[in-house]
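This report concerns only the one structure given below.
The values are calculated or read from the model by the stated rules, or taken from the named source; none is laboratory data. Here the structure is a predicted model, which means the values were calculated and not measured. For neighbour counting, all protein chains shown are included, and Cβ atoms are generated from backbone atoms with ideal geometry for every residue, glycine included.
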Amino acid sequence: MSTTNLAVTYQDIAAAAKRLEGIARKTPVLTSGQADKQANATVFFKCENFQRVGAFKFRGAYNAISSLSEAQKQQGVVAFSSGNHAQGIALAARMLGVHATIVMPSNAPAMKLAATREYGAEVILYDREREDREVIAARLSSERGCATIPAYDHPDVIAGQGTVAKELIDEVGALDYLFVCTGGGGLLSGCAIAAAHLSPGCIVIGVEPEAGNDAQQSLRSGEIVHIAVPDTIADGAQTQHIGKLVLPILQAYVKDIITVSDGQLRTQMRFFAERMKIVVEPAGCLAAAAVMHRAFDFDGAKVGVIVSGGNVDMESFGRNIALAKPYS
Ligand SMILES: *Cc1c(COP(=O)(O)O)cnc(C)c1O
């Protein structure tokens, strides 16, 4: 597949890495003898649950806002999100002295509303049943003239997310496989570009929830497939379709997209807590669950796994852990 005319190049990721230096955390790469045994491979977990705001979204948000012109920064930014993107934008905007407006559904979890306000953003609530996000977006941008920063379908966001794989490969060297959690595909497309450049021959695989395999359908059919909001515990990957800029990047650099079940995600959450002593949200377990359930025959290979985030309220964490079957 052609790599010309893609929205993002490796140079964009290298530039994003420069902007993020000393700003984003250089997150740890963890290993586990138990994980290696279970996967029958050498596995490196890149732990973005330790990133600022608890997920990789801070990288793309900061890269996108810092790339705006001074005039655009004066006007502020707007984002639509009830999840980690909201907090990433809120914190990045505050660090850059830019006003952020976050549009969130009025039934978003109270914890997420509070966290977004704590990072200094103005939160505008809307009724998911009765109001249209697009109408609200159009009104905000005409009233305030501010730039909208989408959660994944934006070149500077994709470039920022790609710095996750760049850091991982810079630290551990070339990989045979790289598994990446997938929702709208911003993280996957950025990481795939970085891997193609820094570790040629590395096989890049996206992993999404079984209940919402739109990215898999889209990559396999070559057209963006839209689905209803998927019923899965992986709330960070409950997207209904991948991005327009994302699809051609996946076609150029991603071998396949596979799925895991909610049960497999629970088992992985438990493994991370019990064996590796880390709290990982369900969406953050997607890539690891595929590897630990041996979705591929990668015996003896060197495998990178992106752990995308750790934001989960302790009540639902407890419920999921209680329901989890251990690896046997
Ligand atoms: C946003 C998010 C994802 C999905 O990322 P995309 O770029 O939309 O594919 C996965 N995991 C976590 C924790 C997230 O916040």
For Ala17, indicate whether it is away from the ligand (no atom under 15 Å from the Cβ), out of contact with any helix residue (DSSP H, G or I) (no Cβ under 6 Å at 6 or more places or on another chain) and closer than 27 Å to Val303 by Cα. no
Answer yes or no as to whether Ile102 is within 16 Å of the ligand (Cβ to nearest atom) and either in a strand (DSSP E or B) or closer than 25 Å to His241 by Cα (or both). yes
Looking at (1) of a type outside the set (Phe, Trp, Tyr); (2) out of contact with any strand residue (DSSP E or B) (no Cβ under 7 Å at 6 or more places or on another chain); (3) closer than 24 Å to Ile136 by Cα, which is the only condition Leu68 fails? (2)
Just to be sure, is Arg19 in contact with a Phe, Trp or Tyr (Cβ under 8 Å, 6 or more places away or on another chain) and part of a loop (DSSP other than H, G, I, E, B)? no
The range 1-24 - residue that is closer than 14 Å to Leu247 by Cα and under 19 Å from the mean Cα position of the chain (by Cα) and, of those, modelled with the lowest pLDDT: Ala7
Among the residues of the range 185-200, what is the count of those that are without any contact (Cβ under 8 Å) to a residue 40 or more places away in the chain and surrounded by 24 or more Cβ atoms within 10 Å (Cβ to Cβ)? 0
From Ile136, Ile124, Ile89, grab the single residue that is crowded, with 23+ Cβ neighbours inside 10 Å and either over 30 Å from Thr267 (Cα atoms) or of a type outside the set (Ser, Thr, Tyr) (or both). Ile89
Can you name the residue in the range 92-121 that is over 20 Å from the mean Cα position of the chain (by Cα) and of a type in the set (Ser, Thr, Tyr) and, of all such residues, is surrounded by the fewest Cβ atoms within 10 Å (Cβ to Cβ)? Ser106
Which of the following residues is over 26 Å from Ala39 (Cα atoms) and either near the ligand (Cβ under 10 Å from one of its atoms) or part of a loop (DSSP other than H, G, I, E, B) (or both): Ile233, Ile227? Ile227
Here is a list of conditions, (1) free of Cβ contacts under 8 Å to residues at least 60 places away in the same chain; (2) closer than 23 Å to Gly304 by Cβ; (3) surrounded by fewer than 23 Cβ atoms within 10 Å (Cβ to Cβ), and Ala228 meets all of them except one; can you say which number that is? (2)
Pairs needed: first member in the range 308-325, closer than 23 Å to Leu30 by Cβ and touching a residue at least 60 places away in the same chain (Cβ under 8 Å); second member anywhere, within 16 Å of the ligand (Cβ to nearest atom) and among the aromatic types (Phe, Trp, Tyr); C-beta distance under 6 Å; at least 6 residues apart or different chains. Ser308/Phe56
Under 9 Å by Cβ, and 6 or more places apart or on different chains, what pairs join a residue from the range 168-184 that is of a type in the set (Asp, Glu) with one that is outside any loop (DSSP other than H, G, I, E, B) and within 16 Å of the ligand (Cβ to nearest atom)? Glu171/Lys46; Asp176/Gly304
Condition first: within 16 Å of the ligand (Cβ to nearest atom) and in a helix (DSSP H, G or I). Now tell me which residues in the range 209-222 satisfy that. Glu210, Ala211, Gly212, Asp214, Ala215, Gln216, Gln217, Ser218, Leu219
Quick check: is even one residue across the range 25-39 under 22 Å from Gly190 (Cα atoms), at pLDDT 95 or above, crowded, with 17+ Cβ neighbours inside 10 Å and hydrophobic (A, V, I, L, M, F, W, C)? yes
Take residues that are surrounded by fewer than 17 Cβ atoms within 10 Å (Cβ to Cβ) and small (Gly, Ala, Ser) and tell me which of the helices (runs of 4 or more DSSP H) falling wholly in the range 252-328 contain 3 or more. 314-323
